[in-house]
Amino acid sequence: MCLIAWNWQPDTEQPLLLIANRDEFYARPTRALHRWADAPISAGKDLQAGGTWLGIAGAGRMAALTNVRDLRNQRADAPSRGALVSDFLNGHTSALQYLQSIAPNAAQFNPFNLLVYDGKALLGFESQGRQVVNLGRGISAVSNAGFDTPWPKLVALKNGLHDWTSQNAQRQMQDEQGLFALLAQDQPAPDAQLPDTGLPLDRERALSSAFIRGNDYGTRASSLVMLRRNSARFVERSFDARGLTGEVRLDS
């Protein structure tokens, strides 16, 4: 995952609404959203390394991951970060216990952010600093830097989700198309607002929109996760360089 925003409303009928885009090389083999045969997980699957970037287990467990754009700390031999998502979904520990358990070994992975929900608590984890992040009620987001770092596409998605939530307070999840429209925004940010992550300017510009369109790299999946007290909905749209290739909807 490269961009995630969510509305966290604990102690309500719909505690968590999450929207996200996964950006990846088009050539990387991937299976779209499905119910895994060997685990109680609903998620897409990275067929190269075996993990996932976003998944749920029933209505009471969710995990999502973004990589951190840090060109100085990247190792080709690092283990797959996607296993952190699937391991949490396949387990039974609390969100805090899980994050505390991975903290001592976080440095063996390339830098990442991890978001986990255990049915009661929603917590974040930043591998750089091995820091558990307490997330307040309401709308937050994460991209390829720390939680709520105000990159232009993160700010725009948070603002869009805030407007959508205000307009749809009584309609609940009827306007899924409006959420997908937020994820489909492909206008690059002005150069003056671009972060400096060590990439050339043209590359920073290309990566600055919520939805990325490139020749060999871009947004591969846009996802909606809606977790209610006793039910869940997961909708994923898949893309390649030519555009939309399919949609999967799972209700449980």
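The values are calculated or read from the model by the stated rules, or taken from the named source; none is laboratory data. The model shown is predicted, which means the values in this text are computed figures rather than measured ones. Protein only, heavy atoms only, side chains kept; ligands, DNA and RNA dropped before computing areas. Shrake-Rupley method; radii C 1.70, N 1.55, O 1.52, S 1.80 Å.
Just a few scattered comments:
- Largest-first ordering by accessible area, 1.4 Å probe, given options Glu236, Glu13, Glu247, Glu126: Glu13, Glu247, Glu126, Glu236
- The stretch 184-252 pair-distance distribution - Cα-Cα, 5 Å bins, rounded %: 3, 15, 20, 16, 14, 12, 10, 6, 3, 0
- Candidate aspartates and glutamates for bridging to Lys120, where Cα separation is under 17 Å - those fewer than 8 sequence places away on the same chain excluded: Asp11, Glu13
- Computed from the Cα positions only, the extents of the chain along the three principal axes stand at 47, 42, 33 Å, in decreasing order.
- Over the chain: helical MRE at 222 nm, DSSP H runs n ≥ 4 each giving -39500 (n - 2.57), nearest 500: -5000 deg cm²/dmol
- For the chain, the fraction of 1.4 Å probe accessible surface lying on carbon and sulfur atoms is 47 percent.
- Per the Kirkwood formula applied to alpha carbons, the stretch 46-158 shows a radius of gyration over Rh ratio, Rg over Rh, of 0.94.
- Solvent exposure ordering (accessible area, 1.4 Å, most first) of Arg249, Arg242, Arg233: Arg242, Arg249, Arg233
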